[in-house]
1. Please give the peptides B:134-143, A:479-488 ranked by average Cβ packing (other Cβ atoms within 10 Å per residue), highest first, as a rough proxy for protection.
2. Under 17 Å from the Cα of residue B:5, which lysines turn up, not counting those fewer than eight places away in the same chain?
3. What is the antiparallel percent of DSSP beta bridges lying wholly in the range B:2-222, to the nearest 5?
4. Arrange the peptides B:46-53, A:423-430, A:357-364, A:168-175 so that the one whose residues have, on average, the most other Cβ atoms within 10 Å appears first.
5. Can you tell which of B:69, B:115, B:101 lies farthest toward the positive end of the dipole of the range B:52-115, using +1 and -1 charges on the Cβ of basic and acidic side chains (Lys, Arg; Asp, Glu)?
6. In debye, nearest 20: dipole of the range B:226-293 around its Cα centre with unit charges on the Cβ of K, R (+) and D, E (-)?
7. Within 10 Å of each Cβ of A:114-123, how many other protein chain Cβ atoms are there on average?
8. Between residue B:64 and residue A:49, what is the label-point separation in nm under the 7 Å Cα-to-beta-carbon projection?
Amino acid sequence: MAMMAWLQEQSRCYFNNALAKRDFRTQLRGNRAIWLWSLYLSLLTIAATSSYGQITSGYGYGRPMEVYDMQQALKGLYGTMLTTITILITLIAPALTASAITTERQRRSLDLVFSAPVTPKYLLVGKMLGTYRYVWMLLVLSLPFTALAVVLGGATAWDVFTTYLSLSLVGLIYSAIGLLISSIAIRTGHAIFYSYLGVAGYLAVVTTALSILIYPTLHSATGSMRNPEWMNALLMFGGGLPVGMALGETPTLLSLVIFVALALFIVKLFMAGAGSALTARAGKETAALRIQSIILLLLTSIAAYIGTSGPMGLSSGMPVKYLELAFSILLVLVAFLPTLTCFGTDGANRSRNDGLFRVRTMFTGTPAGGLPFILLCVGIMLAPVLWIDNRDDVALALGFYIIGMWTFFWGIGRFYSGTLKGLLAAKAAHFVTMAALLVLPDTFAVISGSSAMENAISLWHPLFANSFEVSLGYGVVLALIGLFLALVQTGPGTSKAAPTVLTS
Amino acid sequence: MLEVKDLRKDYAGFQAVNGISFSLKPGDILGFIGANGAGKTTTIRMLATLLEPSSGTATIDGFDIVKHPMDVRQRIGYMPDFFGLYDDVKVWEYLDFFATIHQIPTRGRPAVIKQALELTDLTIKRDAYVQTLSRGMQQRLCLAKCLVHDPSLLLLDEPASGLDPRARAELKELILELGRMGKILIISSHILPELSDFCNTVAIIERGNMVAFGPVSTLLQQVRQSREIRVRVLDRVAATHAALDGLPGVIESTVQSETELRISFDGDDHAQANVLKTLIEKGLPVISFQEAEADLQDVFLQLTTGAVN
């Protein structure tokens, strides 16, 4: 019975979604869609003709083109077309979804929708379907150009299939980023701007992570592949081009399956974030977001462990390489820590101080669950060195140091929440303080002419202290300062009532 | 059935709604009156499950607005004080959209849309784009979308604002018809004389506090401890003034002009008839003898201080 109800709900959400139907109707109404598609096809035509002309002009030098030259030219054409489509999808997909929720908000129709039995998930899925269908139309429209390369021998049908699968999923991720930003932003213009920033940030993080994880061990000394095959699937996240483009070989079915699963998981994570931003109270949307974040962190920690366990990593005796990577990945928390930690009131946005530390509320989005959740995130990233490789005292001490550092940062947020009036002010002050604390020591080191990395000058660098006692000492001191800051202004929290987090 | 118990909403530094309680039964049409910022919209938005109450609760047909918001949403129709319309769709598409999100089966939707259009007199505009409708029609369309799922409670926030007299008259008829259909209506409005035309219950709210609640007639009686009678005469206003002195029920009479007096009166209908009879018997040239009716505006002005949050 419950299964049937669940299936009906999914069917309603994914196949009979009123918002998707409404958006689809309006998207295809009038001449706007025709003009946009014409423009899109014109750009592709220009790219194809100019690329083909340039490529073919480079061959031959007066002699007739060989078959090999022609094949290379066609491969070049195929690559150019893919690059053009990738750029266009990167530009179009986030912009389409970035306006999805803000337009509703500006039109003030969100209230009408949410006064009906509509969940945030239903709304977001509807908006995603409406806009993602448009992205797919753009991909389908580009098929004749890439099919040309197949017919002429520049690519195989499998290449085209994997490319379009890859592009469609990357387009889905970009759309999800746009939707997340749209759920938070007030105005459409801001949402589009921040969505592009979000996509740029996503690409920067992914590219950095890939360069750390995969490329150093891409080839062994003999030139053969060293990465597990599934890890190559991650390369597809680096901008939408399939493994074949990056490595010069066709992706296997296994790497495709892994890529699809991971991409869908990332999309789900962004959608959960958007749902949490839209929801009226701390609840299952926030819990879903946090649980999915933990799963992603767990996967990241495993990938990082495998990626750093090669010749340059853990096998050298001390898991410093992994710790450095874990430390860098955890820095992403800086962006989310104010939301996890701060409380206060701004208009209808309210987050009550429901206590200092409550494991029970770790996933529900209340301030008391902030520190347990932060420690869980840190713990997951440190687990490989604390548990799997727990044979090195220095690694253990560094782990405590990192825990102390994040407790300290958490304490700053609690301090501002108790000191400043307003949730937004506390969040802003918390973020700025953390950013300044992280950046300033290295900045001073650069100004003073010394290298922070070499001399371990930065307080926040895990190699600042290189002995067990010093690391442990700093960790404990930082944690104590954090706890003091948390207690001095806000106390342990007195609200016995069910805490509430509201977002407009 | 709607039951509101000690509903409260706190914002930073002030209480928007301060523990209001009331209950309404099917067919009740509640006029929700208050100055700007008094807490009307906040209350309505809490009942519409768009805002979570700080404390207290409300149940609609037994479903709690906090614990069972989805069940509540199936039973309410919310019309905000702004249109919030999708103007790039046709009228029937707009209603089809809301019928779909209210989970009305596909086969039943055409009939439901037809009924809603007939009730709001928009059948002729079925295929028109929303953006081409007049303001009054858009308001009626907004009301029609509230009706597609046959809710038991309608929350109408300033439904008559910006409407011309004809559109207001049509809206009034529509609201009365909905009341006759057994729906509970909560209508917030600033246009007090019109509210008294179709509301059978009134709630007055000031600074988040409910200062009065009850049937319109009861409130009027409570406010008017004494009745006011206006008397117009052809002439001899001084003689009329003198004749009124000492008559049973007459508290005092004041001369308004050379042909008009006002009597402050606390007697019953018999005593009132006796006053008129006395004036006629004394040969005074009475043109009209009329009780001045108190209206909601008098009630509102008397019970509120004008303070706002």
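1. Result, highest mean Cβ count within 10 Å first: B:134-143, A:479-488.
2. B:25, B:40, B:67
3. In the range B:2-222, DSSP labels about 55 percent of beta bridges as antiparallel.
4. A:168-175, B:46-53, A:423-430, A:357-364
5. The Cα lying farthest towards the positive end belongs to B:115.
6. With Lys and Arg at +1 and Asp and Glu at -1, about 220 debye.
7. Average per residue, whole number: 6.
8. 6.9 nm
FYI, it's all coordinate maths here, none of it is from the lab. No experiment lies behind these values; they were computed from the predicted model shown. Cβ atoms come from the backbone with ideal geometry, glycine included; neighbour counts cover every protein chain shown.
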